[in-house]
1. From the helices alone, meaning DSSP H stretches of at least four residues, give me the mean residue ellipticity at 222 nm for the chain, per-run term -39500 (n - 2.57), in deg cm²/dmol to the nearest 500.
2. Taking a probe of 1.4 Å, how large is the accessible area per residue of the range 111-266, in Å²?
3. In whole Å, what is the distance between the alpha-carbon centres of the range 36-105 and the range 159-186?
4. At each listed q (0.09, 0.11, 0.16, 0.22 Å⁻¹), what is the log10 of I(q)/I(0) that the Debye formula gives for the range 51-186 modelled as equal alpha-carbon point scatterers?
5. What dipole magnitude, in Debye to the nearest 20, does the chain give about its Cα centre under +1 on Lys/Arg Cβ and -1 on Asp/Glu Cβ?
6. Rounded to whole Hz and in sequence order, give me ³J(HN,Hα) for the range 182-189 from the Karplus expression 6.51 cos²θ - 1.76 cosθ + 1.60, θ = phi - 60°, writing x for Gly and Pro.
7. Helix 13-23: angle to the longest alpha-carbon principal axis of the chain, degrees 0 to 90, nearest 10?
8. Using r as the Cβ-Cβ distance of GLN47 and CYS89, and R0 as 30 Å, what FRET efficiency do you calculate, to the nearest 0.05?
Amino acid sequence: MKRINNIVPTDKKYIYLAQEHWNGVAKPLRSFGALEDFWNKIAAVQQTEFPDISSRAAVVMCADNGVVAEGVTQTDRSVTKICAEAIACGKSNINSLAELYGAQVLAVDIGIADDVDNDKLLNRKIAYGSDNIATGPAMPRENVFRALQVGMDIVGELAAKGVKLIVTGEMGISNTTPTAALSSVLLGLPPEMVTGRGAGLSSEMLTHKIEVVKRAISVNSPYSDDPAELISKLGSYEIAGMTGLFLGSAVYGVTVVIDGVISAVSAVLASMFSENCVDYMLASHVSAEPAGRGLLEKLGLRAVIDGGLRLGEGTGGILLLPLLDGAAALYYNSHKFENSGIERYAELK
């Protein structure tokens, strides 16, 4: 994992150059708000005043979680395999949106608990699901680094094909439980404040889920600044794989989009490996799960969508694409002060 140590900040001169370009568009200064900032950040990642996001992909990490045995979901683990195959075959929620917004979708088996005979599903399986965090660690430490490498390698493969923007996504029944446990530790908040209803739990089931999260933290004693240890003790293979996507995007110079709370916890873990990788991240939406906002604040990132989304698969993240396309349209196609006869706005103090 030597490449992680070589992650560098983006060159901020391109943020300045892109903002100068925006300031020449015939409109009030900074009137396209956060979308100007997002576009400028993309310019810095691509090291050009004229960034291009026409080649984009959604990568959905799929894995099972041993904690499902604790009854923290409405469904059993068989749904992970079913949904992963649907994504791979272009039949799921993320595929409908990706087709509309011109993105390819890559479904990755990084830890599904069954063998999947489907050549459309990328087989990078490390283990047949994580272990039950309510009774012990999620995975051996060496498997954390194998999962990180999977994510990083996928980014490298996509970047070699010209992909400039990646949306992170996941599919794994019960994965909001390890997410809540990690969020509790990362944010220094009690489980009651960061554990949500996931795919739809009753109040009684939510109370039980909180108790499971408490037990996971108590059993594993995960108080460490070492992100690999945190993932090993409380994480999951899809979380580890997405963490690798964030790190790989910084290694290969690709903009990466944070989806919901599971993606956000992976982004925070990636920032613990290398704080510079935050320069390559965009926050799409604020998850309806209670830890979502706090995780983005920990990263110092602002999301532009706040609609109570919690579908997963990268569906919230991919909704950022038409907003970025709108920013690109204004950036490249709107009339400019220099040829419109309109006096340029001055920067007022």
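The values are calculated or read from the model by the stated rules, or taken from the named source; none is laboratory data. Fair warning: this is a prediction, and the values are worked out from it, not measured in the lab. Cβ sites come from the backbone with ideal geometry, for glycine too, and all protein chains shown count toward neighbours. The accessibility values were calculated without ligands, DNA or RNA, using every heavy atom of the protein model including side chains. Shrake-Rupley method; radii C 1.70, N 1.55, O 1.52, S 1.80 Å.
1. Numbers: 16 runs with 170 residues, N = 349.
Computed ellipticity for the chain at 222 nm equals -14500 deg cm²/dmol.
2. Working: 5240 Å² over 156 residues.
Result: 34 Å² per residue.
3. So the separation of the two Cα centres works out to 9 Å.
4. So the normalised log intensities work out to -0.28, -0.42, -0.86, -1.38.
5. Values: 30 positive and 39 negative charges, 100 e Å.
In debye, rounded to 20, the chain gives about 480.
6. 5, 4, 4, 6, 5, 9, x, 10
7. Computed tilt is about 60 degrees.
8. Working: r = 37 Å, r/R0 = 1.23.
So, using R0 = 30 Å, E works out to roughly 0.25.
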